[in-house]
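Some notes on the structure that comes next.
No value in this document is a laboratory result; all are computed from the given coordinates. All values derive from a computational prediction rather than experimental measurement. We place every Cβ from the backbone using ideal geometry, glycine too, and count neighbours over all the protein chains shown.
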Amino acid sequence: MRDSSIIKTTALEYSYSKEFQALADINLHIQRGQIYGFLGPNGSGKTTTLRLLLGLLKVQQGNIEIFGQELHTNRSDILRKVGSLIESPSLYGHLSARENLEVYRPIYGASIARMDHVLQLVGLGQTGRKMFRQFSLGMKQRLALALALLPQPELLILDEPTNGLDPSGIIELRELIKKLNREEGMTILVSSHILSEVEKMVTHLGIIFKGSMQFQGSIQELFRLQEYSSRLLVHTSDNDAAIRALYHYHPERSGETLSITIKDFKQAAEISRTLFEQDLDIYLLQPKVHDLEQLFIDLTTTPTLTPSHE
């Protein structure tokens, strides 16, 4: 079976000093066509990983393959097919959007038609002679993205692309990333700390904490993996009696509500029947649904060393 991996790292490690190991045993597996969200608190190792993938840092230990080729021996060939936005690129304040791209177009060997296409794609096709220094932050970010798209990459790597954007700018960028994936067929790796946006955008994700991967897989796999810790909130006419009836579930009291760890909804039904048989009125029986933000907090505050999925 043909390997469809776009990015594959094996036992990747990196240290800035003897005292500070930034990455430990990072094994990324990103398949063609995915929008892969790379999540982690500040200082967790996201940017270090992305810099290694682009050859901006030298690999100290481990291996990186992109498009099935080893990065250290095929860097030039690989990077021709990669667009990236890691830091703000050098764009000229006294030039228009089109003029800025015209500076880089010959370097990438891009056609004038491609240049005009990416300007339309990011919504800057009608800015005319307006100079870059007069752009809003969102427009500047979109022009930087247009520059990354100029060589028509197969892989797009974006590091915190929504930083500093207002809510409308974040929504526009999110929809653009989905459009690039859907219509241009790009595989996209995007790091972000805005979890609600990641949840709406990505197909797969990796969660990193203190340089170590805590999870890797689809969002659906993450939620299934965390089902063991789902909780049921219960409030009855006599919570003391409910605690006694449900003692083997080890209910925890929180004010007027009981919190019970359940494995699945079948256990929720069993709890409901038990309370009914005890002639207790049930005022509340509500599963506590995990969202991405809560799962992220669970994995990056008291990490469970959840095995990553390939």
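Before moving on, here are some points about what is shown:
- Using alpha carbons only: equivalent-ellipsoid semi-axes of region 228-289, gyration tensor based, whole Å: 16, 12, 10
- For the chain, alpha-carbon Rg relative to the globular expectation (2.2 N^0.38 Å, N residues): 1.24
- Computed from label points 7 Å out along Cα-Cβ, the spacing between Ser168 and Glu256 is 4.3 nm.
- Distant-in-sequence amide H partners of Ile208 (H built 1.01 Å from N, under 5 Å): Leu39, Gly40, Gln214
- Over region 172-246 - Rg/Rh using Cα atoms and the Kirkwood inverse-distance radius: 1.22
- Taking the DSSP beta bridges with both ends in the chain, the antiparallel portion is around 65 percent.
- The fraction of all Cα pairs in region 1-152 landing in successive 10 Å bins from 0 to the largest distance is 10, 33, 29, 22, 6, 0, given as whole percents.
- Taken along the Cα-to-beta-carbon direction at a fixed 7 Å, the label points for Ser196 and Glu270 span 3.7 nm.
- Difference of contour (0.36 nm per residue) and Cα-Cα distance, Arg182 to Glu13: 57.5 nm
- Efficiency of FRET from Cβ geometry, Leu233 and Gln152, R₀ 45 Å, rounded to 0.05: 0.30
- Kyte-Doolittle mean at least -1.0 and Cα axial length at least 15 Å: DSSP H helices in the chain: 97-108, 137-149, 167-183, 265-277
- Over 24 Å apart at the Cα level, from the set Lys266/Lys288; Lys8/Lys46; Lys81/Lys210; Lys18/Lys58; Lys58/Lys81, are Lys81/Lys210.
- Distance between region 260-289 and region 3-30 - C-alpha centres, whole angstrom: 44
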